[in-house]
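Reading through the structure tokens given below for one structure.
Here, each number is a calculation from the coordinates, and none is a lab measurement. Only a predicted model underlies this, so the values are computations on that prediction, with no experimental measurement involved. Here the Cβ positions follow ideal geometry from the backbone for every residue, glycine too, while neighbour counts run over all protein chains shown.
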Amino acid sequence: MKVEKKAVTLYDERMEEFSQRFSSLKPFLVFECAARSGSFSAAAKAFNISQPSVSRNVAQLEREIGVALFERRSTGAELTDAGRELFHAITQGMSTILRTIKQIERRRHEEAGVVSLSVSGSFVAHWMAPRLAAFTQAFPDVRLRFHLISGMVRGLPDDVNLAVRTMDASDQDVRSWDFVPEIVLPVCSPGYAAARKSTGNETFLHFSDHAHDIWNDMSDLGLPGHLKGDVCHEFDDYSVLLQAALDGSGVALGWLSVTSKLLLDRRLVPVGGRAHRTGRVHRLIDCGAGPSRDIVADIAQWLVERMKEDLAALEPILPSTT
């Protein structure tokens, strides 16, 4: 840190010295053009000034530096050793500036096509990933950047465009789009569903960010591990928990915002006779990173429409909601 501060201080001192010694950068630019083209006339044409004005700019620079930069001859002007040295330094500096500007412009162009989303890893793995090809077809010039969260999704980041968050239905204090009502139901793999009928015991896959009591609210299966012979495995990553359910390891609480595609593909099936509607809603929220862009709203609407399609297709197979 001390080394960085010293470097900044030295830079400030050099810039202050430069601004005190030289009133304008124009004589440097005119000199560079004359040296590069080998002609005061060419420099005059490039800057749309007269040839005497070129001579005055070069003469001013020579006075400020204290050395001759050109040898004036009847056949023209040639660079002195000092002139060649300064021309080389200016060329290097201008090349560095132009290279930096191009890098900045390239990043700006790349970032213009990036939309960032703050979402759970489980949402990306099990809902969004299967739709990426369709998304790319709908938005060929957009690149998504996912900011993933493994546990409970809380708070709104200020460095992303969209965030999926669960909110009370009455909360409307930010620009947002209703994505899907919060609907929860027990789910398991078809293989586990067939086997559980014969064993009479349950293996619960529990998301450790929630209290065990959530099972009483969201299902008819009772508390995890409450009955003799039941087993409860706990996970702090919901995506890993769902993968265990997909592998036939037990029954999990499935949030429709994540599991709708898995249910439609019959990779997971409902367990029990009801699904619970909490009264809350999953929303797509405009986090306001940078200026609001129409493309952000278009993407939000696209996601909303895909979920509406899921809900319509799931209606015949979902248990009734309470």
For this session: Quick one: order L148, L205, L69 by neighbouring beta-carbon count within 10 Å, fewest to most.
Result: L148, L69, L205
Exercise. How far is helix 26-37 tilted, in degrees, relative to the longest principal axis of the Cα atoms in the chain, given as a value from 0 to 90 rounded to the nearest 10?
Worked result: 80 degrees
Seminar exercise, completed: If R0 = 45 Å, then R196 and Q92, at their Cβ-Cβ distance, give a FRET efficiency to the nearest 0.05 of 0.05
Exercise. What residue among A194, A163, A35 shows peak mean-square fluctuation when the chain is described by a Gaussian network model with Cα springs under 10 Å?
Worked result: A35
Exercise. Could you give P(r) for the chain, binned at 10 Å from zero, as whole percent values over all Cα-Cα pairs?
Worked result: 5, 19, 19, 12, 9, 9, 9, 8, 6, 2, 0
For this session: Report the antiparallel proportion of the DSSP beta bridges in the chain as a percent, rounded to a multiple of 5.
Result: 55 percent
For this session: Quick one: dipole size for the range 216-305, taken about the Cα centre, charges +1 on Lys/Arg Cβ and -1 on Asp/Glu Cβ, in debye to the nearest 20.
Result: 280 debye
Seminar exercise, completed: Footprinting proxy, L268, L25: sorted fewest to most Cβ within 10 Å, the residues are L25, L268
Exercise. What FRET efficiency comes out for the pair R280/C232, r = Cβ-Cβ distance, R0 = 30 Å, nearest 0.05?
Worked result: 0.75
Problem set entry | Sites F18 and L132, calculated FRET efficiency, Cβ-Cβ separation with R0 41 Å, nearest 0.05 | 0.20
For this session: Arrange the following residues from fewest to most other Cβ atoms within 10 Å of their Cβ: H276, H210.
Result: H210, H276
For this session: With only Lys, Arg, Asp and Glu charged, each at its Cβ (+1 for the first two, -1 for the last two), find how big the charge dipole of the chain is about the Cα centre; round to the nearest 20 debye.
Result: 1120 debye
For this session: Extending each Cα 7 Å along its Cβ direction at L156 and N216, get the distance between those two points in nm, one decimal.
Result: 3.5 nm
Seminar exercise, completed: Measuring from the longest principal axis of the C-alpha atoms of the chain, the long axis of helix 2-21 (C-alpha) lies at a number of degrees, nearest 10, equal to 40 degrees
Problem set entry | In degrees, nearest ten, helix 51-65 long axis to first principal axis of the chain (Cα) | 80 degrees
